[in-house]
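First up is the structure itself, then whatever we jot down about it.
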Amino acid sequence: MSNTIPLASGKAFPSRPLVMGILNCTPDSFFDGGRHDRPEDALRFALQMIEDGADVLDLGGESTRPGSRAVSVPEEMARVLPVIELLRRHSDVPLSIDTSKEEVARAALNAGADIINDITALTGSPKMAELAAEKNAPVILMHMRGLPQNMQDNPAYGNVTEEVCGYLLEQARFAESKGIARDKIILDPGFGFGKTFAHNCRLLRELPQIRAHGYPVLVGVSRKSMIGHALGLEKEDRLIPSVALAVMAFERGAGILRVHDVKETRQALDMAAAVI
């Protein structure tokens, strides 16, 4: 199945495993919070990720790590809009706005972003689906049990893959009912968002069950706590396991890998693609 995803601008992602570089414009993200507070610092890092092989950049102005605090619309806009505007003067790489707020997404799209990455799968804002349809923007629908503030408080499932897949398909049908084209919908199982280590492992093993429904699948496992749980490594030391998980996800059907370490992941995926 092709991983080509049309963008509102008429550009398209290439038909190969895609690397989405993470650009957190936040002071409190779990791995790189505070590193890119100034727009100039964020731009410098973004351009390096593009040079390293990023196919798309994902900008976020609100941390969604476990226990993170919510931020206001003006605060979130103040963090991401200057970076989008700067990037658009230097690059035409596709940009994703990581937000669940319709007002932030609209302002970001107007500033030059291409894609909406919504961890609430269009449930956080009643107007988000209409915005995506209006702007003809691709949407990333993610599964999350609970909210960032409480999502890791003893999450429980009967069959995690069936429940996650069922929810994502339900939200995809909702998106289509609001006028979002099927080929603009991307599914994200939400690794680490209301899941235990065992849930995350099972989801990764059974990822083909989600991909089988025809939607492109995005996986974000970069430097996450499942690595710390398995190997006892701090987040600073999780590069190699993160790359290994990215290759495993690609082999199981993921078409987009959301990562902190673009260069290493790009090389590993290209090698895996050459062999496969």
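Here are some notes:
- Members of region 77-120 that are small (Gly, Ala, Ser), in a helix (DSSP H, G or I) and in contact with an Asp or Glu (Cβ under 7 Å, 6 or more places away or on another chain): Ala111
- Unmet criterion (only one of (1) free of Cβ contacts under 8 Å to residues at least 40 places away in the same chain; (2) among the aliphatic types (A, V, I, L, M); (3) crowded, with 16+ Cβ neighbours inside 10 Å) for Met144: (1)
- So Ala156, is it over 24 Å from Ala132 (Cβ atoms), out of contact with any strand residue (DSSP E or B) (no Cβ under 6 Å at 6 or more places or on another chain) and modelled with pLDDT under 95: yes
- For region 152-162, taking the residues that are assigned to a loop (DSSP other than H, G, I, E, B) and crowded, with 16+ Cβ neighbours inside 10 Å, the one that is nearest to the chain's Cα centre (by Cα) is identified as Gln152.
- Beta carbons closer than 6 Å, at least 6 apart along the sequence or on distinct chains, pair a first residue in region 245-256 that is over 10 Å from Leu269 (Cβ atoms) with a second that is part of a helix (DSSP H, G or I) for Arg252/Leu207; Arg252/Pro208; Gly253/Leu207; Gly253/Pro208; Gly253/Arg211.
- Asp52 being at pLDDT 95 or above and farther than 18 Å from Met142 by Cβ: yes
- Residue in region 189-199 that is on the phi > 0 side of the Ramachandran plot and modelled with pLDDT under 95 present: yes
- Failed criterion for Ile210 (all others in (1) among the aliphatic types (A, V, I, L, M); (2) touching a strand residue (DSSP E or B) at 6+ places or on another chain (Cβ under 6 Å); (3) free of Cβ contacts under 8 Å to residues at least 40 places away in the same chain hold): (3)
- Residue identified as among the small types (Gly, Ala, Ser), modelled with pLDDT of 95 or more, buried (at least 20 other Cβ atoms within 10 Å of the Cβ) and over 27 Å from Val247 (Cβ atoms) among Ala133, Ala172, Ala129: Ala129
- So Ala246, is it of a type outside the set (Ser, Thr, Tyr), in contact with a Ser or Thr (Cβ under 6 Å, 6 or more places away or on another chain), buried (at least 17 other Cβ atoms within 10 Å of the Cβ) and part of a helix (DSSP H, G or I): yes
- Of all residues making up region 183-216, the number that are closer than 20 Å to Ala246 by Cβ, among the acidic types (Asp, Glu) and surrounded by fewer than 22 Cβ atoms within 10 Å (Cβ to Cβ): 1
- The residues of region 163-197 that are in a helix (DSSP H, G or I), touching a residue at least 24 places away in the same chain (Cβ under 8 Å) and of a type outside the set (Lys, Arg), listed by number, are Val164, Cys165, Tyr167, Leu168, Leu169, Gln171, Ala172, Phe174, Ala175, Asp183, Phe197.
The values are calculated or read from the model by the stated rules, or taken from the named source; none is laboratory data. In this text, all values refer to a predicted model and were calculated from it rather than measured experimentally. Positions of Cβ are backbone-derived with ideal geometry, glycine not excepted, and every protein chain shown enters the neighbour counts.
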